[in-house]
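The values are calculated or read from the model by the stated rules, or taken from the named source; none is laboratory data. Everything quoted here is computed from the prediction, not taken from an experiment. All Cβ positions, even for glycine, are placed from backbone atoms using ideal geometry, and neighbour counts span all protein chains on display. The area values use the complete protein model at the heavy-atom level, side chains included, leaving out ligands, DNA and RNA. Shrake-Rupley method; radii C 1.70, N 1.55, O 1.52, S 1.80 Å.
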There are 4 protein chains.
Amino acid sequence: MVNFCSDNVTGAAPEILEALVRANEGAATAYGEDEATRRVEARLAEVFETELAAFPIATGSAANALGLAAVTPPYGAIYCHAEAHINVDECGAPEFYSAGAKLVPLAGDHAKIAPETLDGAIMGAGVVHHVQPAAVSLSQATESGTVYRPAEVQAIAEVARRHDLALQMDGARFANALATLDCSPAEATWRAGVDVLTFGATKNGAFAAEAVVFFRPEQARDFAYRRKRGGHLFSKMRFISAQLEAYLSDELWLRNARRANAMAARLAAGLAALPGVSLAHPVEANELFVRLPAGVAQGLMAEGHRFYPWGPEESGEYRLVTAFSTAEGEVDTFLEAVRRLSGAPQEERGRASA
Amino acid sequence: MVNFCSDNVTGAAPEILEALVRANEGAATAYGEDEATRRVEARLAEVFETELAAFPIATGSAANALGLAAVTPPYGAIYCHAEAHINVDECGAPEFYSAGAKLVPLAGDHAKIAPETLDGAIMGAGVVHHVQPAAVSLSQATESGTVYRPAEVQAIAEVARRHDLALQMDGARFANALATLDCSPAEATWRAGVDVLTFGATKNGAFAAEAVVFFRPEQARDFAYRRKRGGHLFSKMRFISAQLEAYLSDELWLRNARRANAMAARLAAGLAALPGVSLAHPVEANELFVRLPAGVAQGLMAEGHRFYPWGPEESGEYRLVTAFSTAEGEVDTFLEAVRRLSGAPQEERGRASA
Amino acid sequence: MVNFCSDNVTGAAPEILEALVRANEGAATAYGEDEATRRVEARLAEVFETELAAFPIATGSAANALGLAAVTPPYGAIYCHAEAHINVDECGAPEFYSAGAKLVPLAGDHAKIAPETLDGAIMGAGVVHHVQPAAVSLSQATESGTVYRPAEVQAIAEVARRHDLALQMDGARFANALATLDCSPAEATWRAGVDVLTFGATKNGAFAAEAVVFFRPEQARDFAYRRKRGGHLFSKMRFISAQLEAYLSDELWLRNARRANAMAARLAAGLAALPGVSLAHPVEANELFVRLPAGVAQGLMAEGHRFYPWGPEESGEYRLVTAFSTAEGEVDTFLEAVRRLSGAPQEERGRASA
Amino acid sequence: MVNFCSDNVTGAAPEILEALVRANEGAATAYGEDEATRRVEARLAEVFETELAAFPIATGSAANALGLAAVTPPYGAIYCHAEAHINVDECGAPEFYSAGAKLVPLAGDHAKIAPETLDGAIMGAGVVHHVQPAAVSLSQATESGTVYRPAEVQAIAEVARRHDLALQMDGARFANALATLDCSPAEATWRAGVDVLTFGATKNGAFAAEAVVFFRPEQARDFAYRRKRGGHLFSKMRFISAQLEAYLSDELWLRNARRANAMAARLAAGLAALPGVSLAHPVEANELFVRLPAGVAQGLMAEGHRFYPWGPEESGEYRLVTAFSTAEGEVDTFLEAVRRLSGAPQEERGRASA
C-alpha cells in the first residue's frame, strides 16, 4: 500500500525531528527574538550568497500571501498561471492579505508562463479604471511538476522589470526544482530576477516550516506587522526556526529533494514503458501526471494504494507525488501493481538476478 | 538566573514532545482530514460535556481573530477590556480577520469588564451610522492575571444575550483560570454563556497549538474557509492535533496549569511578605504584577534574572509569569535575590530546617 | 464635432434637472429618511411588479460592488464575462467591497456568457481549498453593446440556482437593453431569475443616480450598513432620489433609452453601408464597435470628432456610444465625415430632396 | 415650525443650484478629466496659498475615510476624539477604507483633543505587537461646535511630527470654523501642520460636494485608485466640481458660514438669557448643545419644531444646528416658543420699539 497523494502526507525527516527535540531545552525569547531565528536568516544569506531578509512562516499559503502582499497594493494585479496554487488552492489567501488585489490568470503549457503571455496580459498602468500591474508569481516547481530554467525566469523578469512588477516565486517545491537544475540557489532566484521567494520546507521534510525570503530587503519593510496581524508570528518561533536550521544543514534540503526526484524519475520510467500509460507533462521534479488504462486506477485504489485523480473527470489523469521518504520498494510495488492491472507482461525478476 | 518573562519562553512539556515523536510515523491525510484531528474534536466534546465544533490553530492571535471573525460582520463592534490582548497586542489581527470591525475598549479594575460597563457601552443597534454591536470578548485569565468566576461570566453573558452579542473567550490561559476555579470546563464556558473559546495550549506546554471551540456549532459554518484563507490550515495538521491530544490526556493541561499557578502563588506569598513590595492585582493564575522598591528590578536584571517592566514607565510595575516548567528552586532563588536587593532580612533557612 | 466617447459625457435630461430644482425647496430629513426616497422604492416596486428593496446610489461602480458584496462572502467567487465592467473597469471595487472575493473571468462571444461556459467554470463548492461559488454577474446591455434575451437570462439563472449562486445584473444600460427587448421590466429581471439589479440612470439622463434593487429583499439585510461604511449614504439623499423619481416618471427612462438606441441603429445602418467598414458586434443597444478603413479614425479625430479606440491596438476597432441627447444631425454629420474620409461616394442629398 | 436638526436638512444655495444648471450644457470628458475639475484644484491652491492636490468627493464620510486611508497602513492607529464623527458616526468607514486600521479614541473637553492627551496615548512604534501610530484626526469645527485655534492645531501638529503621524482634519464644517477664526485658510491648515483636509461644502450650501485636499501632494500618490475602487469617481464629475467652483466663488463659502454662525450666536444669546436653560459647550460655530427645562423640548416638538436629543438620555441635552439658510425670523420664532414654554417673561417687543 503506497501513498502517493502528496508530499505533505509524510512526517518529518529524522534530522528535523532531532533538531526539534534539541531545541526544546531551556528558555528562549519569544516571537522570533531568539538565536535560532537569527541563525536561519544568516544561513539563508550564505546559501543564497546575498544580503536578504528572511521570515520563518509555518504554512505555504501564508508565506505566499504575505510575500505577495508586501509587493502588491490593494488595487494591484498579480499575474500568475491559471493553475497556480495561489489562484486555485488557497481559498483566496492572496486576495485576503493584499486587501483585495486581483489575480490575473494566464494560460501556458505545463503550467509555465511564457514571457510573451505575461507581456500581452499587462495593461492599465497609470489608468485609474484598472487594477495596477504589481507582481508576477511563478511556481517553482510548477503545479504540473515542471521546472523553470534560470533563463526562463530571466525572460519573465525582464518583462516584469519593464512593467515595474515585482517577481515572486512560490517555492513550495523549490528544493525539488533546484535539485533538477544545474545551478546555484542564487542563479535560480535573485540573479535571475526573483524578488521574493517562498522557500518551502514542509513538503520536503519539515513539520511546518517555510521562509519568506526578500532579496530586496527594502520590500520587507512592513512584513513583520503584516505577519503579526495575520496571526503568523509564533510565540515559540524557535521551533519553526529549528526546523529550517536543520533543513539547511548538511544539504539536507537538497538530499531530500534529490531522493524525491529520483523516485519520481524511477516511477516515470517504469510507467512510461507500459502500454496504454502516458505522462501528461515532463517529469522534472517529484510530481507525475499520468493517464492510465481504464480500470487501472480503480484497481490500484482497491488494493489500498492512494493517489488523486487530477483535472476534469473526463481527463483520466492522476497525480502521483513522491517525497523524501519514498522508498524504492514502494515505487516498485506500485509499478508492479500497475503492470499487473493493465495486463502488461511482468518484468522477469528471476532472470535479472541470474 | 530565572526567566519570568512569559510562559511562552518555555519549550514543550515532555508528554507533548513524546506525542509529536509518535505522530511522526507513517503517512496521514493532509489538511486536517486525519484521525488525530478527529480525535481532538471528540475529546474536547467529552471534556466540555457538549456537542461542539473545534479547529486546531497554531497561534493564539489567529485563534482569537478567526473566532471573532466568525461572529462579527465587517461593520460590527467587539467590546473588550482596554487592556485586552486582542486590543493591544495583536497588531490589529481582529480588525484584519473581520475585514474592519471596531474594537470598543472598556475600562475595568484588574482587567475585568463589569456587566454594567458593557451594558452602558453598547449603542447604535439598528442605526446605520454606527457600527453594530456584535460580540464581547473576555480574557480568561485576564491580562492582569485575574480570573472571572462563572457567575461573573454569566452576568456578562446576560447583557450579551439581551443585546444579541456573541460571547468570545480568549482562553490563552484558560487552563490556568480553570485550575483556580472550582468548576468544570463546561461551567466555566458554555453553561455560563460562552459561545466561542480560544482554548490555549501553547503557553501551557505545547509547541504551538490552540483550538477554536464553538459551543454553538452553527456559528462555525464558514470557519474552515476563513482559516484556509488566513493561511492557518496546516497541511501536516496531525502535528498540531497530536499536541492537543497529549495536552488533553491524563489531565496534562490541568496538571501543568496547577503547577504554574502554584509557583505564582509561592512567588506572590514570598514577595508580599517583603517591605516595599506590593502586588497591583490579586494573583489568581500564573501572572504577577508587582511594584518593587527603587533599584531592585535593576539589580535583579543585572544578576541575569529576566522579566518585563509593565505599564507606563512611571508605574514602577513589573510582570512575572510562571509556567508549567517553573521549579520551586527558581522561585526561591528569585525571592532570595529580591530580599537581598531590597535589604529585607534573609529568611533564616537553617533555623527552619532545624 | 460630435462626441461619441460615452453616454456619460452628457449632462442631465431637462426633466431631471427640473426635478432637482424642485427638490431644492424646504428642508428634508437627511440620510434617506425623506419622502422622495420612499417614493422611489415604491415606484420601482410598481415598475417591476413585485416587492423589492431599493437603495439609491450615486455611481455605477458602487452600485455593482455593494450589490455583489451583499451576496458574496470574502471567500466567494463571482463569475463574470472577462470583459465585464466589474472585472476590467472598476479598479477592483467588487474585490474591495466583498473584502477580497475572486472574480472568475469567462469567455463568450459578444461579451455574453453562455450557460454551459458558466456551468463548466463552477468548481470547488464545499472544498476548503477553493473560493466558494457565490454569484454570477451579467451586464445588460453588455460591454459589446449586445442584449441578453429573457430566455438567455433564464438559462444562466438555471445554472446559478443549481449551484446556489446569486444572479446579479449590472444594468448600467438596463434601460437601453429593455428598450430593445419586447418584454416588461419584470420579465427581463426577477421573472428570469435576477436577484440583484444595478438599475442605472446616470448614463441615460441623470446627473449621478443608480438604484440597487433587491428582488429578494432578505438579501439586502445588511446593505444599509455596507453602504454607509462605503461612504455612499448621502446626507442630502433626496437629491439622488429626485433624479430617480423623474427618471421613472412618464417613462422618461424608456423614452431616453429608445432615442439613444435609435441613434445607434441609424449610425450602424449608415456605417454598415460603407465599404471597408464593419461592425464587430450586433448593435442591440446604444453602443457600436466598428472597424474603420486605415486613416479614417485619425481623420475624424482631426476634424474634432471624439470617440475611443477599443481593444488591442492592432484590432483597428473603435467604440461609438450614442445617448439620450444625441441628435439625428450629429449622427448624419458623423456619417458624412466617415464617407468623405473613406472615399465612399457622397449620398446625393440634393436629389433626395428634389 | 423650525428645523434645527442639522445643516444637512437644507437644500443647496441658489448660487450652487445656478452653477449646476449652467454646468448642464454640452458634453464634458468623464471621470474628472474635465475643465471644471481642473479649475477647482487651481482655485483651492489660490485659496490656500500653496501647491496642493485636491479631489472632489460627494460625501464627507468618503472624504474622511479616503483621506485617512492615504496616510494610514492597515496596521496603523488613527488617534481621534472619542466623539469624532469618524469614530462614532461613519459605521466604520475609516476601518473599511484603511483595510482595518484602529481608531484610538481620546478624551477631551468640548470634543477637543489636548496635545498632552495625544502624546500620552501614542505607543508601540516599531514594536510588532502593536498597531503602528499613523495619523491623528481633528474635527474642525468639532462635534461639540467648538473651534481649534491655529495655535492649538500647531500644538497637536508638533506632537504628530515628533511621532511621525500625519495630521488629518475633518472639515465637514471647516467654513464655519474659519468664519470664527481671525485667520487665513492657510493659517488654519497647512501652516499649522495639517496634511490632509476634508474641505466640506455639503453642510454649507452644496448638494453633495467635498474636496479632499492634500497639502503634501506626495501623500496623494495612490488616492485616485482608492477613490475609484471605492466607487467614488463620478463619471459626470463636472457636476460635483461645479458645486465646489461656485462655493469658492465670491466667498460664498464664507458668507454662508458667517450667516449660519451668526444665527447660532443669536440663538445662543437668546437661550442663555432664559432661566433654566444652559449651554453645554461654548458656541463657536453653527451648533448649540443646550439643556432645557423639563418639558420644554417636548413642547417645542409638539408645536412642530424639529431638533435632536443628544448624548445619553439622562443628560437632558439637545442639539440645535443652524445653516446658511436659517432666517432670523426662524431663530426668533424658536426663541419665543422656548420662552413661552419655559414660562419666562416674554420679551416686550413693543417697548423696545418705543
222 nm mean residue ellipticity, helices alone, for chain B (DSSP H n ≥ 4; -39,500 (n - 2.57); rounded to 500): -11000 deg cm²/dmol
Accessible area of D:M123 in the full protein assembly, 1.4 Å probe (Å², nearest 10): 90
Of B:H110, B:A121, B:Y148, farthest towards positive along the dipole that unit charges on Lys, Arg, Asp, Glu beta carbons give region B:92-189: B:A121
Copies compared at D:R39 - label distances in nm, ascending, label defined 7 Å from Cα in the Cβ direction: 3.3, 7.2, 7.9
Translational diffusion coefficient (Stokes-Einstein; Kirkwood radius from C-alpha pairs) of chain A at 20 °C, 1.002 mPa s, in µm²/s: 102
Euclidean distance of C-alpha centroids, region C:174-196 and region B:63-111, integer Å: 44
Region D:215-354 shape via C-alpha gyration tensor axes, a/c threshold 1.5: prolate
Heavy atoms of A:T29 accessible to a 1.4 Å probe, total area in Å² rounded to 10: 40
Degrees separating the helix B:328-341 axis from the principal Cα axis of chain B, which is the longest one: 50
Paramagnetic reach from B:R221 (point 7 Å along Cα→Cβ, amide N under 16 Å) across region B:72-92: B:72-74
Order of exposure, largest accessible area first, which applies to D:W253, B:W310 with probe 1.4 Å: B:W310, D:W253
Alpha-carbon centroid distance for the pair region D:251-299 / region C:1-40, whole angstrom: 33
Estimated distance in nm for a label pair at D:A82 and D:R161, the labels positioned 7 Å out from Cα along Cα-to-Cβ: 3.1
Average other protein chain Cβ within 10 Å of Cβ, residues B:77-88: 1
Within straight-line cross-link reach of B:K102, aspartates and glutamates at Cα separation under 12 Å, skipping those fewer than 8 residues along the same chain: D:E90, D:E95
Anisotropy class of the protein assembly as shown from Cα gyration tensor, a/c 1.5 cut: oblate
Relative contact order (%) - region D:12-115, alpha-carbon pairs under 8 angstrom, separation at least six: 21
Highest-MSF residue in chain D out of D:V88, D:V127, D:V277 [GNM, Cα springs under 10 Å]: D:V127
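Report the accessible surface area buried between chains C and D, summing both sides, using a 1.4 Å probe on protein heavy atoms only, in Å² rounded to the nearest 100.
Working: alone 15390 and 15380 Å², together 27010 Å².
For C against D, buried area totals roughly 3800 Å².
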Lys, Arg +1 and Asp, Glu -1 on Cβ, resulting dipole of chain B about Cα centre, debye, nearest 20: 320
Probe 1.4 Å, all protein chains present, accessible-area order of A:D34, D:D222, largest first: D:D222, A:D34
Gyration tensor (alpha-carbon) shape descriptor, region D:236-308, a/c threshold 1.5: prolate
Cβ-derived FRET efficiency at R0 41 Å, D:E51 paired with B:A114, nearest 0.05: 0.20
Positive-pole candidate from C:N3, C:P73, C:A62, dipole of region C:3-87, charges at beta carbon: C:P73
Cα-based reach from A:K112 at 13 Å (exclusive), listing aspartates and glutamates while leaving out same-chain residues under 8 positions away: A:E83, A:E143, A:E152, A:D170, A:E284
Cleavage-rule hits, trypsin sites (Lys or Arg not before Pro), region C:169-270, DSSP coil, Cβ neighbours within 10 Å at most 12: C:R221
Most fluctuating residue given options A:V21, A:V128, A:V296, as computed from a GNM of chain A linking Cα atoms under 10 Å: A:V128
Test item: B:118-128 mean partner chain Cβ contacts at 10 Å: 2
All lysines inside 20 Å of D:K236 as judged from Cα atoms, apart from same-chain residues fewer than 8 positions distant: C:K203, C:K236, D:K228
Helix axis angle, D:238-247 relative to chain D longest principal axis, alpha carbon, degrees: 50
Environment charge of D:S325, counting only residues whose C-beta is closer than 14 Å and scoring Lys/Arg +1, Asp/Glu -1: 0
Mean accessible surface per residue for the protein assembly as shown, computed with a 1.4 Å probe while every protein chain stays in place, in Å²: 35
Rg over Rh, two decimals, region D:120-159 (C-alpha only, Kirkwood Rh): 1.10
Average beta carbon contacts from partner chains per residue of B:297-304, 10 Å cutoff: 0
Label geometry 7 Å along the beta-carbon vector: C:G295 inter-copy distances in nm: 7.2, 9.2, 9.8
Average Cα contact separation per residue, region C:25-179, under 8 Å, 6 or more apart, as relative contact order %: 20
Label distances, nm, C:E251 versus same residue in remaining copies, Cβ-directed 7 Å point: 5.4, 8.3, 8.4
Axis-nearest residue of B (beta carbon) for the B-onto-C rotation, whole Å: B:A99, 2
For chain B, built as a Gaussian network whose Cα springs stay under 10 Å, the top-fluctuating residue of B:V147, B:V196, B:V71: B:V71
Low-density loop cleavage sites - GluC sites (Glu not before Pro) in region C:252-354, where at most 10 other Cβ are within 10 Å (DSSP): C:E348
Contact order relative to length of chain A, as percent, for alpha carbon pairs under 8 angstrom and 6 or more apart: 23
Charged-residue dipole, Cβ positions (Lys, Arg, Asp, Glu), region C:1-117 about Cα centre, Debye nearest 20: 240
